[in-house]
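Peer 1: If you scroll down you'll find the structure; I have some questions about it.
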Amino acid sequence: MNKEMKILVVDDFSTMRRIIKNLLRDLGFNNTTEADDGLTALPMLQKGDFDFLITDWNMPGMQGIDLLKAVRADEKLATLPVMMVTAEQKREQIVEAAQAGVNGYIVKPFTAQTLKEKIEKIFERVDG
Amino acid sequence: MDETLITEDNIARVRDLLATMEQGDEAGAKEVLDELARVRETQLYIEMGKLTRELHDAIKSFGMDDQIAHLAEQDIPDARARLKYVIEMTDKAAHRTLGAVEESLPLCEGMEDRSNELHQEWRRFIHREMDLKEFKELSKRLDHFLTENTGDAGKLRQYLNDVLMAQDYQDLTSQIIKRVIGLVEQVEGNLVNLIRLSGTNLGIHPGKTEESEIKATGPVVPGVDKGNLVSGQDEVDDLLSSLGF
């Protein structure tokens, strides 16, 4: 797993973005950028050369699930690894995210250990 | 309707009706029938009048209730402002804590790195792998390390105090939220009264109030949210692995 990879963290709460950024830094990922919803994230993804997307689900503007679908529908971004970190925990929602092509799903509140494990698992598959 | 149909007057009227009919008195029979109908209509009007008055009084008393006007004009906007303040306070507390943590982490990392480095040199000294010149160098660095550590530990204590103080939001926001819960209870009471007065059935139709399964609803609140929920990361993982993840 490349520790220099460029990660976009999308959440409408700046505190959650700060927490995720700090946890990522602790895991050795320093190349992180933030966006506060899908509408701001999508053009950033299309312009920038991001290697990994971490997104919340429930956000104003464009929701995380719609961002995921937009990413999968975009020729250039279709294979970008996407992880959802969200408080949404209905079974139907998790199935929906899986069907939309999510690579990992973490429910809030979560631990640093969970974040680490899920990221490792995603990149084991991507790199392998 | 408390209209009594069987009264002496009405029995007499029916007898009249029968008598006029048997006599073949068409006009007389019609007149008696009309009279009977009028009796019934009068009763109906009286009942309708009563109902109208009751409804009127109810609406009037409801409209004139100062408490409701106050709720709508003052208390609800007030509650909104208070809840906004709760968001501000929790946001500020979270950022203050995060700020202190972000300042503390590099201090810890620095202490860890310097300790590690010195520890290795110290081991060389214990194992007599160090000459005097190197040892003098080590002593200087040890002195520098201790000075630096004392300073950093002091800073760390300050940041930890900051984290401690940032938790005061919990007490304050709880008080505000409790007040808003009181207001919600008042509004609920008034709404129930209104519904009772308007005579609407309070039966809730479950099909209509259920939210769409896919719609994002935010954090699950224990004891409030129902439905097909997972109870934590383990269940999410199980579900995903059952889907081939």
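The values are calculated or read from the model by the stated rules, or taken from the named source; none is laboratory data. Just so it is clear, the model here is predicted, and its values are computed rather than measured. Heads up, the Cβs are rebuilt from the backbone with ideal geometry, glycines too, and the neighbour counts pull from every protein chain shown.
Peer 1: Pairs needed: first member in the stretch B:50-70, part of a helix (DSSP H, G or I); second member anywhere, at pLDDT 80 or above; C-beta distance under 9 Å; at least 6 residues apart or different chains.
Peer 2: Close Cβ pairs (under 9 Å, with a partner that is at pLDDT 80 or above) amount to B:62/B:190; B:67/B:186; B:67/B:190; B:68/B:190.
Peer 1: One residue is enough: does the stretch A:105-119 have a residue meeting the conditions over 19 Å from residue A:19 (Cα atoms) and either within 10 Å of another protein chain (Cβ to nearest Cβ) or loosely packed, with under 14 Cβ neighbours inside 10 Å (or both)?
Peer 2: Taking every residue of the stretch A:105-119 in turn, none turns out to be over 19 Å from residue A:19 (Cα atoms) and either within 10 Å of another protein chain (Cβ to nearest Cβ) or loosely packed, with under 14 Cβ neighbours inside 10 Å (or both).
Peer 1: Just checking, how many residues over the stretch A:42-65 are within 11 Å of chain B (Cβ to nearest Cβ), in a loop (DSSP other than H, G, I, E, B) and surrounded by 15 or more Cβ atoms within 10 Å (Cβ to Cβ)? Write out each step before concluding.
Peer 2: The initial filter retains those residues of the stretch A:42-65 that are within 11 Å of chain B (Cβ to nearest Cβ), namely A:56-60, A:63-65.
Cutting the leftovers down to in a loop (DSSP other than H, G, I, E, B) gives us A:56-60, A:63.
Still in the list and also surrounded by 15 or more Cβ atoms within 10 Å (Cβ to Cβ): A:56-59, A:63.
Counting residues in the stretch A:42-65 that are within 11 Å of chain B (Cβ to nearest Cβ), in a loop (DSSP other than H, G, I, E, B) and surrounded by 15 or more Cβ atoms within 10 Å (Cβ to Cβ) gives 5.
Peer 1: Same structure again: Can you name the residue in the stretch B:96-120 that is within 13 Å of residue B:149 (Cβ to Cβ) and touching an Asp or Glu at 6+ places or on another chain (Cβ under 8 Å) and, of all such residues, is farthest from the other protein chains (Cβ to nearest Cβ)?
Peer 2: Ranking the qualifying residues of the stretch B:96-120, first place goes to B:114.
Peer 1: Taking residue A:112 as meeting all but one of (1) free of Cβ contacts under 8 Å to residues at least 40 places away in the same chain; (2) out of contact with any Phe, Trp or Tyr (no Cβ under 9 Å at 6 or more places or on another chain), write down the number of the exception.
Peer 2: The single condition residue A:112 does not satisfy is (1).
Peer 1: I'm trying to understand the selection: among the residues of the stretch B:116-133, which are surrounded by 13 or more Cβ atoms within 10 Å (Cβ to Cβ) and assigned to a helix (DSSP H, G or I)?
Peer 2: The answer is B:118, B:121, B:122, B:124, B:125.
Peer 1: Also, quick follow-up: Hey, among the residues in the stretch A:66-92 that are at pLDDT below 95 and crowded, with 18+ Cβ neighbours inside 10 Å, which one's nearest to residue A:11 (Cα to Cα)?
Peer 2: A:86
Peer 1: Any idea which residue in the stretch B:154-197 is surrounded by the fewest Cβ atoms within 10 Å (Cβ to Cβ), counting only those that are within 17 Å of residue B:99 (Cα to Cα) and aliphatic (A, V, I, L, M)?
Peer 2: Looking at residues that are within 17 Å of residue B:99 (Cα to Cα) and aliphatic (A, V, I, L, M), I get B:164.
Peer 1: Now for a separate question. Which residues, counting only those in the stretch A:11-41, are closer than 26 Å to residue B:216 by Cα and more than 14 Å from chain B (Cβ to nearest Cβ)?
Peer 2: Listed by number, the residues that qualify are A:33, A:35, A:39, A:40, A:41.
Peer 1: Pairs, please: C-beta under 6 Å, at least 6 apart or cross-chain, first residue assigned to a helix (DSSP H, G or I) and in the stretch A:7-19, second surrounded by fewer than 21 Cβ atoms within 10 Å (Cβ to Cβ) and not β-branched (Val, Ile, Thr)?
Peer 2: A:15/B:94; A:17/A:34; A:18/B:98
Peer 1: Another one. Being within 19 Å of residue B:216 (Cα to Cα) and either within 13 Å of the chain's Cα centre (by Cα) or at the interface with chain B (Cβ under 8 Å from one of its Cβ atoms) (or both): is that true of residue A:97 here?
Peer 2: Criteria met by residue A:97.
Peer 1: Scan the stretch A:73-84 and tell me whether some residue there is within 13 Å of chain B (Cβ to nearest Cβ), more than 25 Å from residue A:111 (Cβ to Cβ) and in a loop (DSSP other than H, G, I, E, B).
Peer 2: no
Peer 1: What pairs come out if I take residues in the stretch B:224-241 that are within 9 Å of chain A (Cβ to nearest Cβ) and pair them with residues that are modelled with pLDDT under 90 and surrounded by 12 or more Cβ atoms within 10 Å (Cβ to Cβ) whose C-beta lies under 6 Å away, six or more apart or interchain?
Peer 2: Taking only residues 6 or more apart or on different chains, the pairs are B:229/A:89; B:229/B:220; B:230/A:89; B:236/B:230.
Peer 1: Ok, one more. Answer yes or no as to whether residue B:162 is among the charged types (D, E, K, R) and touching a Lys or Arg at 6+ places or on another chain (Cβ under 7 Å).
Peer 2: yes
Peer 1: For the stretch A:96-113, enumerate the residues that are in a helix (DSSP H, G or I) and modelled with pLDDT under 95.
Peer 2: Scanning the stretch A:96-113 gives A:112, A:113.
Peer 1: Further question: Would you mind finding the one in B:91, B:78 that is under 24 Å from the mean Cα position of the chain (by Cα) and within 14 Å of another protein chain (Cβ to nearest Cβ)?
Peer 2: B:91
Peer 1: Condition first: modelled with pLDDT of 90 or more and among the acidic types (Asp, Glu). Now tell me which residues in the stretch B:5-21 satisfy that.
Peer 2: Listed by number, the list is empty, since nothing qualifies.
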